[in-house]
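J.: Take a look at the following structure, please.
Bear in mind that the values in this text are calculations on the coordinates, not laboratory data. A quick note: this is a predicted structure, and the numbers were derived from the prediction, not measured. Note that we place each Cβ from the backbone using ideal geometry, even for glycine, and neighbour counts take in every protein chain shown.
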Amino acid sequence: MTTQTETSYRADAAATARIVPSFVQGAWWSPSPSPSPSIGAAVAATGVPVRDASTGEVVALVSCEGLDLGAAIDYARSVGQRSLGDLTFHQRALVLKTLAGYLNSVKDGLYELSDQTGATRRDSMIDIDGGIGVLFTYGSKGRRELPNSTVYVDGAPENLARDGSFGGQHVYTRVPGVAFQVNAFNFPVWGMLEKFAPAFLAGVPSIVKPATPTAFVAEACVRAMVDSGLLPEGSLQLVSGSVRGFLDHLDVRDKVGFTGSASTARSFSAHPNVLEVGVDLTCETDSLNAAILGPDAEPGTPEFDAYVASVVTEMTAKAGQKCTSIRRLIVPRERMDAVADAVGARIEKRVVLGDPRAEGVTMGPLASLDQRDEVQKSINALLAGGGHVAWGSLDAPLVTHADGTVGPAADGAFVSPVLLAFDDSDAGAVHEIEAFGPVASMIGYDSVTDAVRLANRGGGSLVATIASADPAAVATLFAGIAPFHGRVLVLDGSVARTSTGHGSPVPHLVHGGPGRAGGGEELGGIRSVLHYMQRTAVQGSPAVLTALTGQWRAGAPSRVDAEHPFRKSLARLRIGDAIASEAREITLDDIGHFAEFTGDTFYAHTDEEAAAANPFFPGRVAHGYLLLSFAAGLFVDPAPGPVLANYGLENLRFVTPVSPGDSVRVTLTAKQITPRETDEYGEVRWDAVLQNQRDEVVATYDVLTLVAKE
Ligand code: NAP
């Protein structure tokens, strides 16, 4: 609801504050100005005023009133899908990498804006550099872990007929709609890019909707991305403003990624298009993350120190406005006072509250006065629920202003760090109320099992820390809490310096958690790309499966022709090109020579009697590595040519032992061809099968080579 004060404020602010535009259908869009009573005949931009978190000054107006969201969604589904569909995974990954480099070169402007949200330099680094880091990671993982095509093959092929004529395979293809991404206010850049990057890599266009209080930072980032000229048409649109009813436009083609409060998540999940039409909704919501101090972590141990350092970091980084912040300290009951003292001492030593633009400030305000009021409300509820202040003060804080003076906060959204403690570890409030600020609560446990039970009372969390160097305690705690958590950090003295931290999701590992944490999962490397794709089990002949997946499989047509496939560059090599070698007999001398030459004199190759007593061998047998070496001698084409190097083997299995007098031959078939975007060569994976004179399979593996494009 709009209040009278807010309405007049909008009009006044309109003279100075700019409206944060949206970027839709390939162009920047702002709401039409409306007549303003307070500035006479002139017209004023309208929108929700957003204020500098430290000073209260209006910095922007945010509105998307009048925006044609349906048209933006259609544009993503048509133009965005088409332009991303023209690119392979590797080409998209390369765009992400180049984009990351570009954002790195212009990030200073983002830092300046980020100051206005109350973020310190370090907070902004988590948001801005963290976001750019996600792009870099997906730019690199996309080229290393995905094929240079548009379809992702999941797992090994399944043979469904005795004679190999029918099989199955799981295959991922991108969804044909839009990825609609609704973000929380706390990380306007990271929050946006960690959703955008995997969707982009999957080939699904994004519409991002930042939270109103920090939309102006997200908009600046999108502007830089658009200005880079790197984005394929329609791959990214931005809606700045409190767009409501977006779910009305979505259907089974689309994905929604949401980060924010549990109550908003609940309202989305009750929407008919989610319940009945099948819009896929992934939620990251609030979380009462625990940090368990192990029974062994006495004061003076590295684990105790690391625990205290981690608690203070999590309470104060981003002024505690992190979904992953530690909210519940679960510590041995008799150590509660020691923990409170150590946490307090560290805060006193390290934390300076104030305007992040002032020298020496290490903790800024909350993002808005509304957030400050919310946090104060939550602190009061925690106190009413049985908590008391173990360290800190609830009085209005004195803060360092931008000019270096220290005084009352005035219009800034400041809250001091506060550690609460509960005598009753089962008090409902501590396990239910998330104070989204520099606030944590401590409870005591009596046994490791008790600690597990208390941690899990969070009802499902994003992350927990176990600070312990006792392997037995770690094993029990981990086994007990893992099913309730998306991520668990085990903190001991050996990782105290190198750990990425309790509160920092990394793009390589999953971010999300069960139950109260929303039940969603983001990041986790290529896993999150697959969230924007549909997994389909496809069944058919080997030829059909080869054609649909771009990976040759046994039973599909192959071609042995006069030209050795190693003479063919990537330009001419085709999947299914093969070589079938002559047979080579393996003699006892070969085995003895290999044993002596390599030093591998394992009894199965050197001692007839001992080998025969082994349940797997009829007597002395050839070394597996001897067979691989002979196979290479059988299939290789030795002269310089397009094949540049052999860089490994995968999936090697020795199936049938080879005795002296047996012979082996090898069939090598081009299985997968992956040209590199940035090099003059690519990877070729060859299917290798060794058979004996009875046509029994002796060994199977993939040979990995680098082959020139021309
Ligand atoms: P919120 O009120 O749920 O808002 C989050 C986002 O949803 C904002 O972009 C908001 O837009 C939008 N939104 C709210 N109602 C909407 C509706 N009916 N239709 C469309 N969009 C709607 O959450 P918040 O209070 O700003 O964020 C803080 C919460 O987020 C905390 O509880 C925190 O734990 C959680 N969080 C979770 C994670 C995580 O990864 N799990 C990360 C960060 C924060 P407007 O701003 O325009 O209203």
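J.: Mean separation of Cα pairs under 8 Å and 6+ residues apart, divided by the residue count of the range 558-708: what relative contact order is that in percent?
T.: 27
J.: Let me have the 222 nm mean residue ellipticity of the chain computed from DSSP H runs of 4+ only, each contributing -39500 (n - 2.57), with the sum over all residues rounded to the nearest 500.
T.: On the way: 21 runs with 220 residues, N = 710.
Value at 222 nm, helices only: -9000 deg cm²/dmol.
J.: So which trypsin sites (Lys or Arg not before Pro) in the range 281-368 are both in a DSSP loop and have at most 10 other Cβ atoms within 10 Å of their Cβ?
T.: Sites meeting the loop and neighbour criteria: none at all.
J.: Would you work out the charge dipole size for the chain about its Cα centre, treating the Cβ of every Lys and Arg as +1 and the Cβ of every Asp and Glu as -1, and quote it to the nearest 20 debye?
T.: Working: 56 positive and 81 negative charges, 297 e Å.
Result for the chain is approximately 1420 debye, rounded to the nearest 20.
J.: Could you tell me the distance between the Cα centroids of the range 458-530 and the range 649-689, to the nearest Å?
T.: Here the two parts' Cα centres lie 38 Å apart.
J.: Still on this structure, I have one more. In whole percent, what relative contact order does the chain give with Cα contacts below 8 Å and a gap of six or more residues?
T.: Across the chain, relative contact order equals 12 percent.
J.: If you take the charge dipole of the range 298-494 about its Cα centre, with +1 on Lys and Arg Cβ and -1 on Asp and Glu Cβ, which of MET315, LEU382, LEU420 is farthest toward its positive end?
T.: MET315
J.: If you don't mind, another one. Have a look at LEU281, VAL664, ALA410 and report the one farthest towards the positive end of the charge dipole of the chain, computed about the Cα centre with Cβ charges (Lys/Arg +1, Asp/Glu -1).
T.: The residue sitting farthest along the positive end of the dipole is LEU281.
J.: Among the GluC sites (Glu not before Pro) within the range 59-158, which fall in a DSSP loop and have no more than 13 other Cβ atoms within 10 Å of their own Cβ?
T.: GLU65
J.: Starting with the highest mean, order 577-588, 93-104, 130-141 by the number of other Cβ atoms within 10 Å, averaged over the residues of each peptide. Spell out each step's value before the answer.
T.: Numbers: 577-588: 16.1, 93-104: 20.2, 130-141: 22.0.
Per-residue mean Cβ counts within 10 Å order the peptides as 130-141, 93-104, 577-588.
J.: Could you give the Stokes-Einstein D for the range 101-251 in µm² per second, using the C-alpha Kirkwood radius, 25 °C, 0.890 mPa s?
T.: Stokes-Einstein gives a translational diffusion coefficient of 142 µm²/s.
J.: May I ask you to order 650-663, 69-82, 602-615 by the average number of other C-beta atoms within 10 Å around their residues, highest value first?
T.: Output ranking for 650-663, 69-82, 602-615: 69-82, 650-663, 602-615.
J.: Let me ask you something else. Using DSSP H assignments, which helices in the chain have an axial alpha-carbon span of 27 Å or above and a mean Kyte-Doolittle hydropathy of -1.0 or higher?
T.: Working: long enough: 89-115 (36 Å, -0.04).
In the chain, the long hydrophobic H runs are 89-115.
J.: Per Stokes-Einstein, at 4 °C and 1.567 mPa s, what whole-number D in µm² s⁻¹ belongs to the chain, with the Kirkwood radius over Cα pairs as the hydrodynamic radius?
T.: The diffusion coefficient I find is 45 µm²/s.
J.: Provide the FRET efficiency to the nearest 0.05 for the ALA475-LEU398 pair, computing r from the beta carbons and using R0 = 35 Å.
T.: E(calc), rounded to 0.05, equals 0.15.
J.: Now, a different point. If you take the Cα atoms of the range 556-710, find Rg, then find the Kirkwood Rh from the mean of 1/r over all pairs, what is Rg/Rh? Intermediate results must be reported in sequence, preceding the final value.
T.: Numbers: Rg = 17.2 Å, Rh = 16.6 Å.
Taking Rg over the Kirkwood Rh, I get 1.04.
J.: Sticking with this structure for a sec: Based on the mean of other beta carbon atoms within 10 Å per residue, what is the order of 482-489, 182-189, most packed first?
T.: Working: 482-489: 19.9, 182-189: 27.0.
Order by mean packing, descending: 182-189, 482-489.
J.: Can you tell me the FRET efficiency between VAL636 and THR264 if r is taken as the Cβ-Cβ distance and R0 is 51 Å, rounded to the nearest 0.05?
T.: My answer for the efficiency is 0.25.
J.: What nm distance separates the two modelled labels at TYR647 and ALA610, each placed 7 Å from Cα along Cα→Cβ?
T.: My value for the distance between the label points is 4.0 nm.
J.: Tell me the label-point distance for the pair ASP702, GLN25, using the 7 Å Cα-to-Cβ offset, in nm and rounded to one decimal.
T.: According to this spin-label approximation, the distance is 4.5 nm.
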